[in-house]
Amino acid sequence: MPVPEKPALEGLEDLLSARWEREGTYRFDRSRTREQIYSIDTPPPTVSGSLHVGHVFSFTHTDFIARFQRMRGKEVFYPMGWDDNGLPTERRVQNYFGVRCDPSLPYDPHFTPPEKPDKPISVSRPNFIELCTKLTIEDEKAFEKLWRYLGLSVDWSMTYATIGRDAQLVSQKMFLRHLKRGLAYQVEAPTLWDVDYRTAVAQAELEDREQPAAYHKIHFKKADGSGVVAIETTRPELIPACVALVAHPDDARYQPLFDTEVITPLFGVRVPVRAHALADPEKGSGIAMICTFGDTTDVTWWRELKLPVRAIVQPNGALGPVSWGQPGWESADAAKAQAAYDQLKGLSTKKAQVKIAELLRESGDLQGDPKPITHSVKFYEKGDRPLEIITSRQWFIRTIEHRDEFIRRGQEISWHPEYMRARFENWVNGLNGDWCISRQRFFGVPFPVWYPIRADGSIDYAGVIVAPESRLPLDPSTDVPEGYTDDQRGTPGGFIGDPDVMDTWATSSVSPQLVSGWERDEDLCKRTFPMDLRPQAHDIIRTWLFSSVVRAHFENNSVPWTNAAISGWVLDPDRKKMSKSKGNVVTPMALLQEHGADGARYWAARGGPGVDTAFDPGQMKIGRKLAMKVLNVSKFVLSGDQPDGPVTEPLDRGMLQNLAVSVDEATAELENYEYAKALAKIESFFWDFCDNYVEAAKSRRYGDFGPEPAASASTAMRLALSVLLRLLAPYLAFACEEAWSWSNSGSIHRAKWPTRAELTKVSGADESASRAVMHVTEALNAIRKGKADHKVSIGTPVKQVVYQAADDAIDCLKLVERDLKAASRAEALILRAGEPSVEITLKPAEV
């Protein structure tokens, strides 16, 4: 391809993306052996709207590694996934189509959503899932378009979706294997619950938020009539759910009360006073209510002290009905308790708190005014109201008892950066419950089980009917278990399907097995699994990374991948994480079009592994300038006569020798996943090559000093350009591909990564020549400054330059004196030893 008259970056993204797809540049060759393959477990972005610059940042990091490994001779297995199940997708579908899911409705095969409904229309679960699928397909197209424009070197024939048939098959099969081995179990137990999303929430999905609250000082009467016990609580609305008081076993104030009873105010329930080491003597009055359930500490106390359950908070966040005087709700005065509780029933916990404070004040049990505080409260990371703890039936995977095994698996993984391993280990050591994998949603992978319905209409949860693996994937809400007919669904003596779906992390966690063909394509699996790389952000070490380690440990008895490359966050100008939920994101397409994909890739490369990086369009401008310089210097090197011959000149040999050092350094950094450090070394050499070496060798290359010196410069420049283009190719994917095409066939992204040997076999080993190049840079910078002091341009011819430096520098410069003089545009160049200085003598002004 000829060198263009005016190289340009505009339009390269669409032109080259189409060429790469047409020529199969990134198509995976599955005939290669495992040793020849580098497999990447790419994060599937959530398909629920639009990507933002944070996605561009982290996904580009993965692409640097993929392109480097491909040029190093590896066959790169680099599929792309879409995480299209989950709450964000459901919310988007509800708002986009104006519908809501009602699982009790039958499927309507002719349903078409109205254009603008006045209020949400109820649809069956299958209809709702069809709408979710329809919208996510459109979102995926938009995502793929942006990724192609950015230049991700993905094999686009190998995409997957976390709700797709294969994903359902793998997720359901692995769940059944876990169930068979006793690793998965179902139990009705206290569960963290989001009252708005109406679903269980796992520990990994929590975040603490500072919230205003107030301590209420409340009196409990001692059952023996000897006085009162004062407790302080921020949750007085949970007094009806109180099952005990608790204090630290060493707290002398309360030791006489242990194993005695007190009576709850308003409700007259006798509850024990117990001792437990988790009670904090410094918090409040030092003695606390145990309620079922106010927080996770209540759950621990309830479990370890073997206390009863009195649950009052419903899944919608309101206080449910209670019949006082019935078993479990015994009271000294049931009528009085019922009258008090009826004033709370149906209220949200927040409103119930205000109302019970009034009742306690009227009864004289509230002492003084509530004392305002601010404390940390647990929220679902996507939620708007504090979590409650609801007793519900959920599926769990055993994790607590296997913590040591997970720690050992983490030690088998190479972490980049290494310190991120500690985050993984801290999370594993801090687990306080098994992994809850069930969610009360609709658009997700269903559990492939049913339950018998007894003759009295009750559900026999212990008699789980398990689907055979041969029938997977299936949906128990529409499919029928073996030995039953569809008309037995929901009837006594019949069956009912499990209504829940798997947590999004329970499906995403099997991405290594999903993309590698586990249990579906064993040949591919042997060539790609365990995978080589999991790239991801540090905030989901506790979710995606941990859950993937759990699944591979249990099912494959291995790690899921051998390397974990952890990227940081993109921060907004206030140094806050950029995310859709915070409303501070910047969408990327306009930025990519303004600064070019290479400009955005350059900015991304500045943030090394694990480093949070500020969003900075200024860096994108610098990246675009660098990409344009690549085109311009390539045009200079490849244009005009191209004399060929041995590299004989010291300046040329020294430049190539120094480039060999840069190749070694950049390669070592990239092998250690330090793409930012590698770019810094490559970029530094590139600019020195352009600004100093090319300027010094330009006249000789033009033939001013004869054909052999010209051939030396021409050969050295072409070789250096070839190496530099390949070094920069993972970063500036489009500019380097364009420049490469002017003198080479095939894609640069399938070219061999440069090596020291290809440079030193041409340049030889001459330490003085290598040092000479360094001193040329110093001299040219000094001469430029001298001209600037005289207020003349760098290219201004001058009468004389006197350059003074240390003895060894002058000795080296004398080897390349002719080139330095030409670059200085001086009629005379005097080099002498002494204190560093430069003297510029201008030519007399013409009369």
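The values are calculated or read from the model by the stated rules, or taken from the named source; none is laboratory data. The shown structure was predicted, so the numbers you read here are calculated from the model rather than taken from an experiment. Here the Cβ is made from the backbone with ideal geometry for all residues, glycine too, and neighbour counts use every protein chain on show. We work out accessible area using only protein heavy atoms, side chains counted, and drop any ligands, DNA or RNA first. Shrake-Rupley method; radii C 1.70, N 1.55, O 1.52, S 1.80 Å.
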Quiz prompt | Accessible area per residue in Å² at 1.4 Å probe, computed on the range 217-373 | solution = 47
Quiz item: For helix 349-363, what angle does its Cα long axis make with the longest principal axis of the chain, in degrees from 0 to 90 and rounded to 10?
Solution: 40
Quiz item: What's the percent breakdown of Cα-Cα distances in the range 18-126 across 10 Å bins, shortest bin first?
Solution: 12, 28, 23, 17, 17, 4
Practice problem: Towards the positive end of the charge dipole of the chain, with charges on Cβ (+1 Lys, Arg; -1 Asp, Glu), say which of N85, L266, F734 has the farthest Cα. | Solution: F734
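Please arrange D704, D475 by accessible surface area, largest first, computed with a 1.4 Å probe and ligands excluded.
Values: D704 100, D475 30 Å².
The residues order as D704, D475, largest area first.
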Quiz item: So, in nm, how far is label K785 from label R361 when the simple model puts each one 7 Å beyond its Cα toward the Cβ?
Solution: 7.5
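Mind ranking K173, K799 by accessible surface for me, highest first, 1.4 Å probe?
Numbers: K173 25, K799 95 Å².
So, going from the largest accessible area down, we get K799, K173.
Could you calculate the contour length gain from D523 to E23, that is, 0.36 nm times the residue separation minus the distance between their Cα atoms, to one decimal place in nm? Mind dumping the intermediate values first?
Values: separation 500, 0.36 × 500 = 180.00 nm, distance 2.54 nm.
So the extension gain works out to 177.5 nm.
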Quiz item: Taking only Cα atoms, what is the 0 to 90° angle, nearest 10, from helix 87-97's long axis to the longest principal axis of the chain?
Solution: 90
Self-check item: Rounded FRET efficiency, nearest 0.05, which uses the C-beta distance separating Q326 from Q36 and R0 of 60 Å
Solution: 0.30
Quiz item: Dipole of the range 514-559 (Lys/Arg Cβ +1, Asp/Glu Cβ -1, origin at the Cα centre): which of P535, N557, G517 lies farthest to the positive side?
Solution: P535
Quiz prompt | E778 accessible area, 1.4 Å probe, all protein chains in place, Å² to nearest 10 | solution = 90
Practice problem: Work out from phi, with θ = phi - 60° and the Karplus expression 6.51 cos²θ - 1.76 cosθ + 1.60, the ³J(HN,Hα) of each residue of the range 137-142, listed in order in whole Hz, and give x for Gly and Pro. | Solution: 4, 5, 4, 4, 4, 5
Quiz prompt | Sulfur and carbon atoms: percent of accessible area, the chain [1.4 Å] | solution = 50
Quiz item: For helix 707-728, what angle does its Cα long axis make with the longest principal axis of the chain, in degrees from 0 to 90 and rounded to 10?
Solution: 0
Self-check item: Listed residues T391, Y419, F406: farthest to the positive end of the dipole of the range 345-445 (Cβ charges)
Solution: T391
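Around F220, what is the net charge, scoring Lys/Arg as +1 and Asp/Glu as -1 over all other residues with Cβ under 15 Å from its Cβ? Display every interim value, and only then the final one.
Working: positive: K217, K221, K222, R235, R253, R270, R274; negative: D224, E232, E261, D365.
Local net charge: +3.
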Self-check item: Exposure of R403 as accessible area (Å², to 10), given a probe of 1.4 Å and all protein chains
Solution: 70
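Based on Cβ point charges of +1 for Lys and Arg and -1 for Asp and Glu, what charge dipole magnitude is obtained for the range 320-360 about its Cα centre, in debye rounded to the nearest 20?
Values: 5 positive and 4 negative charges, 49 e Å.
Using Cβ point charges on Lys, Arg, Asp and Glu, the range 320-360 gives about 240 debye.
Could you calculate the FRET efficiency of M589 with Q440 from 1/(1 + (r/R0)^6), where r is the beta carbon distance between them and R0 is 35 Å, rounded to 0.05? Present the calculation step by step, with values, prior to reporting the outcome.
On the way: r = 36 Å, r/R0 = 1.02.
Efficiency computed from Cβ-Cβ geometry: 0.45.
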Self-check item: Charge dipole magnitude, Cβ of K and R +1, D and E -1 - the range 117-270, Cα centre, debye nearest 20
Solution: 500
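Determine, from the Cβ-Cβ distance of Q800 and N632 and an R0 of 41 Å, the FRET efficiency 1/(1 + (r/R0)^6), rounded to the nearest 0.05.
Values: r = 31 Å, r/R0 = 0.77.
In this case the efficiency is close to 0.85.
Ranked by accessible surface with a 1.4 Å probe, highest first, in what order do D155, D434, D14 come? Let's see the in-between values first.
Numbers: D155 5, D434 40, D14 105 Å².
These residues rank, largest area first, as D14, D434, D155.
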Exercise. Only one of the values (i) 29.7, 93; (ii) 34.1, 107; (iii) 35.1, 118 was calculated from this structure for Rg and Dmax of the Cα atoms in Å; name its label.
Key: (iii)
Exercise. Give the accessible area for I622 in Å² (nearest 10); use a 1.4 Å probe, count only protein heavy atoms, and leave out ligands, DNA and RNA.
Key: 70
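Using a probe radius of 1.4 Å on heavy atoms only, what accessible surface per residue do you get for the range 22-88? Whole Å² is fine.
On the way: 1800 Å² over 67 residues.
Using a 1.4 Å probe on heavy atoms only, each residue of the range 22-88 averages 27 Å².
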Exercise. Using only the C-alpha atoms of the range 159-313, find the volume of their convex hull and express it per residue in Å³.
Key: 164
Self-check item: Under the Karplus curve 6.51 cos²θ - 1.76 cosθ + 1.60, θ = phi - 60°, whole-Hz ³J(HN,Hα) for the range 383-388, x wherever Gly or Pro sits
Solution: x, 10, 10, x, 6, 10
Practice problem: Report the charge-dipole magnitude of the chain in Debye, nearest 20, computed about the Cα centre from +1 at each Lys and Arg Cβ and -1 at each Asp and Glu Cβ. | Solution: 680
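Per the helix-only calculation at 222 nm, which mean residue ellipticity applies to the chain, given -39500 (n - 2.57) for every DSSP H run of n ≥ 4 and division by its residues, nearest 500 deg cm²/dmol? Could the numbers behind the result be given before it?
Details: 25 runs with 328 residues, N = 847.
Helix-only estimate at 222 nm: -12500 deg cm²/dmol.
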